[in-house]
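Everything below concerns the one structure shown next.
The values are calculated or read from the model by the stated rules, or taken from the named source; none is laboratory data. Bear in mind that the values here come from a model prediction, so they are computed numbers and not experimental data. FYI the Cβ positions are ideal-geometry reconstructions off the backbone, even for glycines, and counts take in every protein chain you see. What goes into the accessible areas is simple: the full protein's heavy atoms, side chains included, and nothing from ligands, DNA or RNA. Shrake-Rupley method; radii C 1.70, N 1.55, O 1.52, S 1.80 Å.
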Amino acid sequence: MKKNRKEGSLHVAKVLVPIIAMAVLSAVVLIERGGIRLKDNTGLKAPENLVYSGKVVENADTLVLVDRDNDYSIGSADAMEFVLSGMKASYVEADAATFDYSRLPNYKKLVLALPDWGQIGQNMGAVMLWVTNGGQLMNTMTPDPDAAFLSAAHGFGIMDGGESYCGITGFTLVSGSMIGAEEKSTYHLADNPEDLMTSLLVALESDCKISVTSEDGKVPLIWEKENGKGRLVFINFNVSGEKYNRGFLAYAYSKLGDECLYPVINASAYYLDDFPSPVPGGDSTYIQRDYGLDTGTFYSTIWWPRVMKWEKDYGIVHTGLIIEDYSDDTDGPFPDNASTSQFVNYGNMLLNNGGELGFHGYNHQPLCLEGTDDAMQFGSYNLWPTIEAMQASLTELNSFSERLFPENEFRVYVPPSNIISPSGRGAIRGALPEVSIMASSFLGSSEEPAYVQEFGIDKDFGFIDTPRITSGTIIDDYALLTEVSELNFQYVQSHFMHPDDTLDPDRGADKGWETMAESFENYLGFIKASAPSIRNVTGSLMGTAVAEYTNLTVKTEETTDGLSVSLGNFAGDASFLLRVNADGARVLGKGCAATEVGNGLFLVHATQSEFYISIEK
């Protein structure tokens, strides 16, 4: 019977692709065995080598007004104050109903974190006069459309409307506004407008500058307006409980003054969970369908060469997280895995390409203690009977990993399925004192008891927390908007994936590896285009960047032509975003270097504790 030409071509392609990929892999293995290792060029030190200078203190110039009897107000104020703390902007919180408004001139910036502007009462006129005389005012949430708000609406540039709400399904970032707006402007978050949030229906005066609108572009959601000598920024939505809100708050705050300088993490990391590890079990239906290969051969000839190509094409490095064995035993003993060739080959290729290895677990059982953490038991995972059993498994993992990779410093731990209890963190601290960085989840999940982190330092056990923001190869608008938010707030990107994503239809496996890879390449391209100057780092150096950022204190003084900056708790390296709210500004640094990364936005890198920024407008 004569073969269909298309089927014959597909058969040839299925045969040739693994052969070509294997040839590429073999060349890389030769390089690995030749001892060629790429060097880190970020200038960051290992976290244990950081030495900090003394602290500096900045006077509070921001007042946050809150309605302490209103839960929505408290939530919105908490979100804003988290952002202000991250931006190292000193602030004072006060109750709007009892604040002495004669003290308002003591502050440069005022943040209204309450829906009921009636709490300000007759003092709203004094607030607007303060703005006219040079004050800077923003709100954090949609106000109630009552008489108190409507009396001040004109001052915010509202020409008409403001008396009724409408539902919003998503956001559109106006070109030239936030980081990432040029690469992707529209984010769809809800099909039903009432499911996401409500905003005021308004028409604005022509001199208002709109930065963010509703998904359909019809409703302005963030805008700014000059008012006399002052400036106002209006936020026409309330999603204070969502982490993606932070980038909007940071952006709005940075638009208040003529310029705004704030420290950032400036780091981008990519993690490979369960890598290296034994070849996992799972349904290889889709791999068989598309390539006619078993899982192990697919990994070595198709998946891994594509991952290495990403490193070359996008300038990234990977941190691999070792699983020694896929047994579900939590009682012990925990035998050494004698099958090491796959670990050695993959692990050394990753290391010699500039990457790093960390710990994921002896097996994939989350470190949760029976009798103490029973509520955290998830799915088919087993609880651990004792702390000693946890630590015995960790000791074996450490011994196994150090024997195979003696030159790698194991500083990073990633919990299996991002699940770990305080008992488990304590077990790690006791068994693996050299592990100083824990990378879990930034967003968490309603379906599993994930350990949700913020970027910072864990107060209970002292770990540097470096959560992963996005995951997998197919990233939806919600996750991508959260990443965009973090680029605008802390200038950080963190992502993880698993080799066995290709086996799980819930993670896109039914779409096929080629579709998955192309989708992820869109994400890689988005990050590279949106943040071309961000530092691509390993998990350890992400820990360094987070520690430096967390400990840093900043004192900024405005001068006639720029900013004079003093740094405290400085370890020799600090990054900042500088927003200059003037077209065509030129920025020059003394004791620092500045690179324009957006419209009026500069990435500043300081290597001295005292530096000066000259701004020519």
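Within segment 481-523, the set of residues being under 21 Å from Ser445 (Cβ atoms) and either out of contact with any helix residue (DSSP H, G or I) (no Cβ under 9 Å at 6 or more places or on another chain) or not in a helix (DSSP H, G or I) (or both) comprises Val492, Gln493, Ser494, His495, Phe496, Met497, His498, Asp504, Asp506, Gly508. Within segment 66-88, can you find the residues that are closer than 14 Å to Ala250 by Cα and either assigned to a helix (DSSP H, G or I) or open to solvent by less than 20 Å² (accessible area, probe 1.4 Å) (or both)? Scanning segment 66-88 gives Ser76, Ala77, Asp78, Ala79, Met80, Glu81, Phe82, Val83, Leu84, Ser85, Gly86, Met87. Taken over segment 333-345, the criterion of being assigned to a helix (DSSP H, G or I), touching a residue at least 40 places away in the same chain (Cβ under 8 Å) and open to solvent by 20 Å² or more (accessible area, probe 1.4 Å) is satisfied by Gln342, Val344, Asn345.
When we screen Ala594, Ala571 for residues that are more than 20 Å from the chain's Cα centre (by Cα), in contact (Cβ under 8 Å) with a residue 60 or more places away in the chain and surrounded by fewer than 24 Cβ atoms within 10 Å (Cβ to Cβ), the only hit is Ala571. Summed over segment 138-182, residues that are part of a strand (DSSP E or B), within 30 Å of Phe602 (Cβ to Cβ) and out of contact with any His (no Cβ under 7 Å at 6 or more places or on another chain) total 5.
Restricting attention to segment 455-480, and to residues there that are part of a strand (DSSP E or B) and either among the charged types (D, E, K, R) or surrounded by fewer than 20 Cβ atoms within 10 Å (Cβ to Cβ) (or both), which single residue is nearest to the chain's Cα centre (by Cα)?
Ranking the qualifying residues of segment 455-480, first place goes to Arg468.
For Leu503, only one of the following conditions fails: (1) modelled with pLDDT under 95; (2) touching a strand residue (DSSP E or B) at 6+ places or on another chain (Cβ under 9 Å). What is its number? Just one mismatch for Leu503, condition (2). Scanning segment 424-454 for residues that are in contact with a Leu (Cβ under 8 Å, 6 or more places away or on another chain) and open to solvent by less than 10 Å² (accessible area, probe 1.4 Å) yields Gly424, Ala427, Ile428, Leu432.
Are any residues in segment 526-545 part of a helix (DSSP H, G or I) and farther than 20 Å from Gly354 by Cα, and if so, which ones? Passing the criteria: Phe526, Ala529, Ser530. Filtering segment 575-592 to residues that are of a type in the set (A, V, I, L, M, F, W, C), out of contact with any Ser or Thr (no Cβ under 8 Å at 6 or more places or on another chain) and within 22 Å of Ala89 (Cα to Cα) leaves Phe576, Leu578, Val580, Ala582. Within segment 250-306, being within 23 Å of Asp325 (Cα to Cα) and in contact with a Lys or Arg (Cβ under 8 Å, 6 or more places away or on another chain) holds for one residue alone: Tyr271.
Only one of the numbered conditions (1) farther than 25 Å from Glu163 by Cα; (2) in a strand (DSSP E or B) is not met by Lys243, and that is (2).
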